[in-house]
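Input: a single structure, listed below in structure tokens.
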Amino acid sequence: MSPLPAPSPAPADERLAGELAYRERQHALLARFGAQALKSTDVGALLQTASELCAEGLRAEMCKALERLPGDEYLLVRAGVGWRAGVVGVARVGADLASPAGFALKTGEPVISNHLGHETRFRTPHLLQEHGVRRAINVVIRGDGEAFGVLEADTRDEGRFDQADVAFLQGFAHLLGAAIDRTRAEAALRERDELQSAVLEAIQDHAIFTTDPANRVTTWPPGAEALFHWSADEIVGLDAAVLYTPEDLKAGVPEEEMRTARDSGYAVDERWHQRQDGSLFFAEGSVRPLRDGAGHLRGYLKVARDITRRKQAEERLKSSEEQFKTLANSIPQLAWMANLDGSIYWFNRRWYEFTGTTPEDVQGFGWRSVHHPDRVEQTAERFLAALEAGEPWEDTFPLRGSDGRYRWFLSRALPIRNAAGTIVRWFGTNTDVTEQLEAEARASEAERRLQLALRSGRIGTWSWDFDGDRVAADARLREMFALEAEGPIAIADFFARIHPEDMPRVDEVVGTARRDLGEYDVEFRLVLPDGDIRWAVARGIVTARPTGGATMVGVTWDVTDRRQADAQVRHSEERFRSVVEATAAIVWIAVGSGQFREPQPSWSAFTGQSADALRGWGWLDAVHLDDRAATDEAWREAVASRAIYKVEHRVRRHDGEFRHMLVRAVPLLRADGSVREWVGVHTDITSRKESEEALRETEERYRLAARATNDAIWDWDLTTDHIRWNEAVHTLFGYAESEIEPSWSWWQSRLHPDDRDAVVGAIRAVLGSGETHWTGEYRFLEADGAYANVLDRAFVHRDRGGRVLRMIGAMQDITERKRFEEELAAAKEAAEEANRAKSQFIANMSHELRTPLSAVIGYCEMIEEEAEDVGAGEFLDDLRKINSNARHLLTLINDVLDISKIEAGRMEVHPEDFAVEPVVTEIAETVQALVEKNGNALVVESGAALGVMRSDLVKVRQCLLNLLSNAAKFTEQGRITLSAQRLDIEGEDWLEFRVADTGIGMTPEEMAKLFQRFSQADASTTRRFGGTGLGLSITKAFAVMLGGDISVESEAGRGTTFTVRLPAQVPASASSPPHAPDLHETAPDPESRAADDRRLVLVIDDDAHQRDLVSRFLTREGFAVQTANDGDAGLRLARALEPCAILLDVMMPRMDGWSVLSALKADPDLADTPVIMITMVREKALGFSLGASDYLTKPVEWPRLKAALDRFGRESAPGRALMIARDESTRADLREILVREGWIVDEAASADAALGIMEGDPPDLVLADVEMPGSGGIGLMRRLRKNPDWAGIPVIAVSAGETSEDQRARLEGEVRQIVQTGESGSEDELVAELRRIAAAPQRPRRPQERG
Amino acid sequence: MSMAKILLVEDHEEIWDFLSRRLKRRGFDVILAHDGQQAVDKTRAERPDLVLLDMNLPVMDGWTAAKTLKAEPATAAIPIIALTAHAMAGDRDKALGAGCDDYHAKPVDFSRLLSQIDAALGSQAAAP
């Protein structure tokens, strides 16, 4: 293993010596480079040197230093030797792991490649290939940080590099790494220094400079120069003391600062400093000690900033605040300063003097304590609101003084703003305005009084300057004269208002006053522009002016009211007189003793008594004899007690009729208390008396009536909450008189707790709604603690304003009725239950009976066989009889079982395909023996091509066997014919079976009962012929179940023929029994439904016969039919099949037709399916109100059913009709017609209601009764025509009575047609019109389509 | 050829007594079970050629027994004729739904039952 190139073989020691020399040389080169690397910071030069030395040391022709480029994808040849030109500084080598250099860089491991041509680990970089390199070493250049690059030695020579070579190269790389680290660090340091000085220089408003420990300036950036006006050249090296004021220097401030800085690490330097030119500025700054790593003091860092302006401002403020406070303390007002939150931080002296508080008391919000407690909240609220808004505040309120008395202060506060306009505090004052307020109050009171006096007296003041003809008048005077409130007024303006009649007088008085310079006083009338005439008095005085001329001043007031009052007095006297006369009253005056002394014209006029006759006690003669004693007594008593005399008595009128009079008299007393005279009034109250009497009579009658009824009648006066009861309340509920409280609450407390809320709520609703009737059923507590069932019917009595006055009701005890109802329901339930139980019992029992019977038959048959086998023939006959009887018994049981199953709806149909002919033959064979028993002959007549039928074979067979055995039973020595044929009846495929006999036949009466259960021709038949009597019922039921029917022809003594017709295909519905188990509960196959394009009608009827009839009719009419025999099944089928129409019976077990109808209409998917009720029950209205589309009664009129179905077969309803008629029965009639025609009907009882509906959703048709109240039908139609949205809606007018020519003329053009509902044929006319409208191809489109 | 083996499942003593005797008289090899569980067990153990299965059985009813047998490959091919009480609506479908091959409504019409047995055994024999 030689690391050396070996040109020739050499001896070992020579080789060793060569090796040693080689290594020593390497060490020398490394040492040399180490010395250089320590000194140099030139990385490029170091790399170049390293490349050269390495090439030399490794005897490699080429060496290079590669630098990692950003992105780590390439290495750049930074330096090198031996490379062709254009490589160093330019060439790049891939830095991925696939190149030796890249691998070394990425892994940090040295890489030796001694056979680059055969290298499998790496590809040989292009650069190396180009230079013919065979061998190479790569080591990473790395210091403390991340790798710098790679140092690579390359040679074209054969040979080997070994680990010592790697160590050599790695040594260079380490030296390079360290050198690179160092140069990097130095570069970074330099950069930071430059940055720092740049920052310092950039700071202009701060002086940041350093001194040495002796306070000599060492650095002086531009900021310091700008501040102190010293240049760096001038000051560096000088003692920083030059920056201080002489005073501070004298006080040793600089030393003090430095000491503080040294001791505490920081000293504040806030003081005046001196510039180079001797000017001062206030500096805010600091001093920090600068220490080296060992903690030795190296100097000080000083920072200073010029805050002179701020300082000056602060000092000015301080002094001005002081000044202000001094000022504020000297003013008489209370003054204070508040923070923005309303807390007060300063008060002036006056405040403390007045309030007697201390600063501690009122600091912050303590000011509240001196405010009046009643007003403080309001004041504080306003004050804080002003502060919040930043607006000046002003308020007047009392403050409590030190003496405890409140004085009023007008208080103001203003915001104080800083230079930026921001509010910094509030300054406020309180000025004592107590005296002022009092004076104002007094002044305003006087003023008010004057104003009041003038106003109430309507006194105006004026002055009239004769010379200028100018009048000065106050507002009141102007108002009085109805003159303009402002502007000059001439005397003529006043005179123009004076009544023409009064004017000469006024003129005269004024003239005299002017002439004599005297006073004047005149009363005159004013004629105001509105025609009002008022009386006025003017008083004035004329005075001469010293300068000549004269002025009249005066007042004028309105005396109209006074004059009116005078007039009123006169008027009231007259009125009194007329009132007395009008009320047919007597007014009289009696002396104190109660006697008439003077003539009483009023009394005389009424009674016809002369003045003489009535004098003294004579007037008593006119009083009714019966009333005299009482009158006399009352009168004497009143006279004695001098109290008001009040009595009622009858007085004979002049025509002899006694009138009821109410008498009132009052004593007029003298000053000494004695009665001077009596003034009395008699009022005629006869008619009042009469009506009172009438009322009493009515009430008595009412009371009697109430007593006569068994109902408890209550009369509740809502104004007093008093309830009056009749006597039935005792008899009905057992309450004693004393137990009944005449109040609503008593009644309410006796309601059953479960009923109370509902009943009370209902009554309140009635009272609140304006309704007049209420009916309720509830339980009412009886005296014995039981509850009675009560039906209560009441009506509400209201005044004209609709206010409830009374509510009167009758409580009827329906306990008994209720009980009957309940018993009835229970009995019905029990009966139904019993019926169900019976059916179930029969089914079970039959089953139980059959099991032992099976055993009997089984054993019997077995014994028969065995008897034959053993030859015991003598038993055979008896055994056969046992067997035959057992089988007969089994047949009977089966019949009973069948009928009970039919009744319970549990009989099933199992259709299967079978050939008819063999069945007929088989049946004939079966009954052969039976027929022959009575000496009868059996004839079978099978028609040609009976073919195959699909039906329930078992039932078909049973039907025929029943009929045949029946025929055999009632025929002797005759002929029984069984015939069968296939028929086409109205396009349908039928099989007809006939069983004809020549037997006893039947009467029509017998035939009528034929198919009834348990009935035979007569009781004797049973004895004679046996049987259960169920056979024919079962046969009929089976025939109907199979989609067919049975009929009979008979004549007594001539024989009977039964005909059974069955469809060749049993209808699908017959095979899906409603109560079948799960297997049957499958939805119909949708495909099969789609395939059947006939429209499907669902028939729901419990009567199989009816179902069959209807089904056949519908099938013939081209409908597909499904049937259901009860409501449940009907609903299920309806949901599954979604038929186009449903025919529904009402009377059905379990769930009746109404319930089914409601359920159908409640199902959103089915609600639109037309439902035609077919029923015996005539409850049309109920049907329509529940949503039935039509209503047919049994027996069905087929054409009507067809018409109905044709209508519903249409795609959709013709539309929505709005019907407007006041009369409920008219509406009902019209509704029926409309519904039958397929319209959806909205109803309105008034034009307004109709318009409401129209606005919500315009209909497709309007039917209106022309005889409507209010605006009427005609008015409504006009309104419809006016609205463009409605104008296209066809309108039909209906009229119950004759329409006048006039009406017709007005309706012409407004409506399509006028139908008179009363007329015959009117319905057809209406229907025809409805159909025309429905069929109209272009009906007006409504603005909004219904969703 | 030996006669077919019939498992008669019937809880009513008189019925199974006379039925089994009559069937034996016709030469059938009759074994008996009196409830549904026995029916299943015996069918598994004895592999009868046919099962006459009453439906209203104690322990396990006939429908369940039929379903169980028809669900097991070893017994699925054994024809079952359901004997049902005619009184119950839907019996026929219910029996066929449970997997029974045929249906005979009680009371037993012996000759008809025999023809049903023959038919069932015949189709069984004809089956591959």
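The values are calculated or read from the model by the stated rules, or taken from the named source; none is laboratory data. Here the structure is a predicted model, which is why all the values come from computation and not from measurement. Neighbour counts are summed over all protein chains in view; Cβ atoms, including those assigned to glycine, are modelled from backbone coordinates with ideal geometry. Quick note on the areas: whole protein, heavy atoms, side chains included, nothing else; ligands and nucleic acids left out. Shrake-Rupley method; radii C 1.70, N 1.55, O 1.52, S 1.80 Å.
Things to note:
- Three-way shape label, segment A:12-189, alpha-carbon gyration tensor, a/c 1.5: oblate
- Sites residue A:655 and residue A:816 - FRET efficiency at Förster radius 51 Å, r taken between beta-carbons, to 0.05: 0.25
- Counting only heavy atoms of the protein chains and using a 1.4 Å probe, residue A:664 has close to 110 Å² of accessible surface.
- Rough spin-label spacing in nm, given labels placed 7 Å along Cα→Cβ, for residue A:1095 and residue A:643: 9.4 nm
- Between the beta carbons of residue B:119 and residue A:848, assuming R0 = 35 Å, the FRET efficiency works out to 0.70 to the nearest 0.05.
- Annotation note: trypsin sites (Lys or Arg not before Pro) in segment B:1-30 located in DSSP loop regions with a Cβ neighbour count of at most 16 within 10 Å are B:26.
- Take residue A:186: with every protein chain present and a 1.4 Å probe, its accessible area is about 80 Å².
- Solvent-accessible ranking of A:986, A:932, largest area first, probe 1.4 Å: A:986, A:932
- Extended-chain gain in nm, criterion 0.36 nm per residue less alpha-carbon gap, residue A:605 and residue A:490: 35.2 nm
- Formal net charge of residues neighbouring residue A:1123 (Cβ-Cβ distance under 12 Å; K, R +1; D, E -1): -4
- Extension reserve of the residue A:1182-residue A:1246 stretch, reckoned as 0.36 nm per residue once the Cα distance is removed: 20.7 nm
- Long-range Cα-Cα pairs in segment A:49-119 (distance over 22 Å), rounded percent: 22 percent
- Accessible surface for residue A:860 stands near 10 Å², nearest 10, in the context of the full protein assembly shown (1.4 Å probe).
- Largest accessible area first, the residues A:1138, A:284 order themselves as A:1138, A:284 under a 1.4 Å probe with ligands, DNA and RNA left out.
- Among residues other than residue A:81 with Cβ under 11 Å from its Cβ, the summed charge is -3 (Lys and Arg +1, Asp and Glu -1).
- For segment A:274-311, the residues whose amide N sits under 19 Å from a probe point set 7 Å from the Cα of residue A:189 along the beta carbon direction are A:291-296, A:298.
- Interface residues of segment A:883-928, defined as those with an accessible-area decrease of at least 30 Å² between the chain by itself and the complete set of protein chains (probe 1.4 Å), are A:901, A:906, A:908, A:910.
- The GluC sites (Glu not before Pro) of segment A:59-155 that DSSP puts in a loop, and whose beta carbon has at most 15 other beta carbons within 10 Å, are A:73, A:119, A:146.
- Charge tally around residue A:1244: other residues with Cβ under 14 Å, Lys/Arg +1 each, Asp/Glu -1 each, net -3.
- Spin-label model, residue B:14/residue A:463: points 7 Å from Cα along the beta carbon direction are separated by 14.7 nm.
- Calculated FRET efficiency, residue A:876 to residue A:1132, Cβ-Cβ distance, R0 = 41 Å: about 0.15 to the nearest 0.05.
- Of A:881/A:901; A:933/A:955; B:24/B:70; B:42/B:70; A:828/A:901; A:881/A:955, pairs whose Cα-Cα distance is over 19 Å: A:881/A:901; A:933/A:955; B:24/B:70; A:828/A:901; A:881/A:955
- Three-way shape label, segment A:588-655, alpha-carbon gyration tensor, a/c 1.5: oblate
- Stretching the chain fully between residue A:887 and residue A:377 yields a gain of 172.4 nm (0.36 nm per residue, less the alpha carbon separation).
- Rounded if a/c under 1.5, otherwise prolate or oblate - segment A:458-564, Cα gyration tensor axes: prolate
- Partner lysines whose Cα lies under 29 Å from the Cα of residue A:250, excluding those fewer than 8 positions away in the same chain, are identified as A:302, A:311, A:318.
- Just the protein heavy atoms count here, and of the accessible area of segment A:583-684 at 1.4 Å, carbon and sulfur take up 52 percent.
- Within straight-line cross-link reach of residue A:64, aspartates and glutamates at Cα separation under 16 Å, skipping those fewer than 8 residues along the same chain: A:52, A:56, A:130, A:152, A:154, A:165
- Legend: mean number of C-beta atoms from other chains within 10 angstrom of residue C-beta atoms, peptide B:9-16, equals 2.
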